[in-house]
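Taking it in order: structure first as structure tokens, then the write-up.
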Amino acid sequence: SILIDEARTPLIISGPAAESAKLYYQFAGIVRTLQAEADYEVDEEKRIVVPTEEGIAKVERQIGVDNLYDLVSVNYVHHLEQALRAKELFHRDKDYLVAAGEVKIVDEFTGRTLEGRRWSDGLHQAVEAKERVRIKEENHTWATVTLQNYFRLYEKLAGMTGTAETEASEFAGTYNMPVVPIPTNVPMVRDDRADLIYKSEDAKFNAVVEDIVERHDQGQPVLVGTASVAKSEELSRRLQRRGIPHEVLNAKQHAREAQIVAQAGRLHAVTVATNMAGRGVDILLGGNPEGLAGHEMLAKGLDPDGDEGRPEFERMLARFQKQCEEEGDRIRELGGLYVLGSERHESRRIDNQLR
């Protein structure tokens, strides 16, 4: 992930810079009055927003200047551009979360929040103003190096992952690292199906829900992959309306990640996840007996790791092992874990994580 997906992400040494929060709030309010197409143009592909002549005139009237682009007002241009980018290009529950009064960036590749990371050049402050939370001071960049250039300083590089083969040419060209696929220990029994394409997102979600309902009624566990927090919550609302019990695993529930994934293979289980889903946690058909025993111990007020409760934990573990084995056999008869990708990610490597 770091070597490929975040290769161009810079490591930055920075320090605090004096910058008034007032202008960020002011321009966040101004851009709310501006209309797309008429007052500014959005280029999603290039990730830029450009104000039109009409939009510039509106801004000049609101802040009381004659020329937004003269030397005296040049700082206003920067605030306007960042406020427009925050409004149109950065979306809540997709690119970031708002938690405990803070704007937290969501990693597009892992689905996790990037604690302590902030967008630079005033963009993070513009998003904070947009969300009406407290603006933290802006940092000034003193030195920077991309992760790609940093890792190329090492004489030797090596790693192991399940999704490197699709990026073999990039590993070879960028890091001079060959990719060697390791054969599976047992023959592959996974049944891959072709993509289905729908006319609208609503039609797609309706089909996804119907597919989940059918599998759930049979008892087959379902793991659904989504591309963002917002999409996972939209699918969750639709499942709730159909009365389907399920778990949602996204950046908002990261603390329960291992617990949710460990039990995603039980009978009738439905798990809706973003691409953060449980790295390093196995989905066992029938469920994880140790996790189930530990959960029941905690429900009874007992410590599953304590010496005093150990005999009771062992008894529960034996009972759940038998239960999970029986459930696992039934699930194999139903076809095993049903993995449903709800949309394609821009990175094929991320799609392969669902396999």
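State yes or no: is Ala168 closer than 18 Å to Asp351 by Cα and aliphatic (A, V, I, L, M)?
yes
Among the residues of segment 195-209, write down those that are assigned to a loop (DSSP other than H, G, I, E, B) and charged (D, E, K, R).
Asp195, Lys199 - these are the residues of segment 195-209 that are assigned to a loop (DSSP other than H, G, I, E, B) and charged (D, E, K, R).
List the pairs whose first member sits in segment 22-39 and is assigned by TED's automatic domain parsing to the domain that holds Thr52, whose second member is surrounded by 18 or more Cβ atoms within 10 Å (Cβ to Cβ) and among the hydroxyl-bearing types (Ser, Thr, Tyr), and whose Cβ atoms are under 8 Å apart, counting only residues at least 6 apart or on separate chains?
Listed by first residue and then by second, the contacts come to Leu23/Tyr76; Phe27/Tyr76; Leu34/Tyr40.
Quick one: what pairs do we get from segment 77-106, first residue touching a residue at least 60 places away in the same chain (Cβ under 8 Å) and crowded, with 18+ Cβ neighbours inside 10 Å, second in a helix (DSSP H, G or I) and acidic (Asp, Glu), C-beta under 9 Å, 6+ apart or different chains?
Close Cβ pairs satisfying both conditions: Asp93/Glu233.
The values are calculated or read from the model by the stated rules, or taken from the named source; none is laboratory data. Computed from a predicted structure; not experimentally measured. FYI the Cβ positions are ideal-geometry reconstructions off the backbone, even for glycines, and counts take in every protein chain you see.
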